[in-house]
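Shown next, in C-alpha cells, is the structure this report addresses.
The values are calculated or read from the model by the stated rules, or taken from the named source; none is laboratory data. A quick note: this is a predicted structure, and the numbers were derived from the prediction, not measured. We place every Cβ from the backbone using ideal geometry, glycine too, and count neighbours over all the protein chains shown.
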Amino acid sequence: MVKILAGVDEVGRGSLVGPVFAAAVILNNKIDKKKLKDSKSLSKKKREILNKYIKQNSKWSIASASLKEIEKLNILNASLLAMKRAILKLKIKPKIVMVDGNKVPKMKNYNLKYVINGDRKIPEISAASIIAKVTRDQLIKKMSKKYTGYSWDKNVGYGTKNHLSAIKKLGITKHHRKKFKPIHNILSLKK
C-alpha cells in the first residue's frame, strides 16, 4: 500500500501586509519531482508555470489566516492555523504530513512531521511553497491597484526600503500589520 504524503508550507510571515497563506499538496505519480524547488529560488515566471503544472498534477488546497487573526494570535500561531486549514481542506486524508519549518499545527489523528528547510528537501513541500506564494502574490498585487504608492506590485507587502518610506510618507492602510515591529516603530514615532 502506498503511503499518501502531503507537503505543507506557508508564505507571507515576514510581510508587513495582509493575510498569511498556506498550501497542502499531495503529488500524483506522473509529476516530475525534479522540477520542484523552493519558491524563493525560482523566478516569478517559473513559479507561475509550475503553479499550473502542480495544480494539474496533484491534490492541493490553499488556506489563509486573516490580518485580524495575525494581530490576535501572533504570526507564528496564525501561520500554523493557515496550515491546519489547508490540511483539513485536502480531499484525501494523507497518511503523513510533512511541514516546512520547526513546528507543526496541533491536529488529532494526523501524523505530522516538521522538516527544517523542507521546501528545499521534500518535493511536496516545494510544491506547496510554490502554490502558496503565487496565490498570495496575486492577492497582494490585486490590492496594490487600490493602494498605489506602496509598490506592493513589486514588494508584495514586504518591508523594502520603498515600502517603509511610503508608510512614513502616506501612513498605513487597513491591510498593514500594526503589531509588526517596523510598523509599530513608525506608529510609535508619530505619537
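When segment 34-45 is filtered for residues that are in a loop (DSSP other than H, G, I, E, B) and over 13 Å from the mean Cα position of the chain (by Cα), the ones remaining, listed by number, are LEU36, LYS37, LEU42, SER43. Is there a residue being assigned to a helix (DSSP H, G or I) and either in contact with a Leu (Cβ under 6 Å, 6 or more places away or on another chain) or under 30 Å from LYS179 (Cα atoms) (or both) anywhere in segment 46-61? No, the conditions are met nowhere in segment 46-61.
Yes/no per residue for (1) without any contact (Cβ under 8 Å) to a residue 60 or more places away in the chain; (2) closer than 14 Å to ILE125 by Cβ:
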site	(1), (2)
GLY12	no, no
TYR53	yes, no
ILE87	no, yes
ILE92	no, no
PRO105	yes, no
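Within segment 155-167, the residues that satisfy the criterion of being over 17 Å from the mean Cα position of the chain (by Cα) and either in a helix (DSSP H, G or I) or surrounded by fewer than 13 Cβ atoms within 10 Å (Cβ to Cβ) (or both) are LYS161, ASN162, HIS163, LEU164, SER165, ALA166, ILE167. Of these, ILE131, ILE116, which one is touching a residue at least 40 places away in the same chain (Cβ under 8 Å), touching a strand residue (DSSP E or B) at 6+ places or on another chain (Cβ under 9 Å), in the same structural domain as LEU42 (by TED's automatic domain parsing) and of a type in the set (Val, Ile, Thr)? Unique residue meeting the criteria: ILE131. Here segment 19-33 is the region considered, the condition is being outside any loop (DSSP other than H, G, I, E, B) and under 15 Å from the mean Cα position of the chain (by Cα), and the residue that is nearest to ILE172 (Cα to Cα) is VAL20.
Quick check: is even one residue across segment 78-93 more than 19 Å from LYS113 (Cβ to Cβ) and among the β-branched types (Val, Ile, Thr)? No, that holds for no residue. Looking across LYS103, LYS33, one residue alone is at pLDDT 95 or above and not hydroxyl-bearing (Ser, Thr, Tyr). It is LYS103. Looking across segment 1-14, the residues that are at negative phi, surrounded by 24 or more Cβ atoms within 10 Å (Cβ to Cβ) and not charged (D, E, K, R) come down to ALA6, GLY7, VAL8, VAL11. Across segment 152-191, the number of residues qualifying as touching a His at 6+ places or on another chain (Cβ under 6 Å) and in contact (Cβ under 8 Å) with a residue 12 or more places away in the chain comes to 1.
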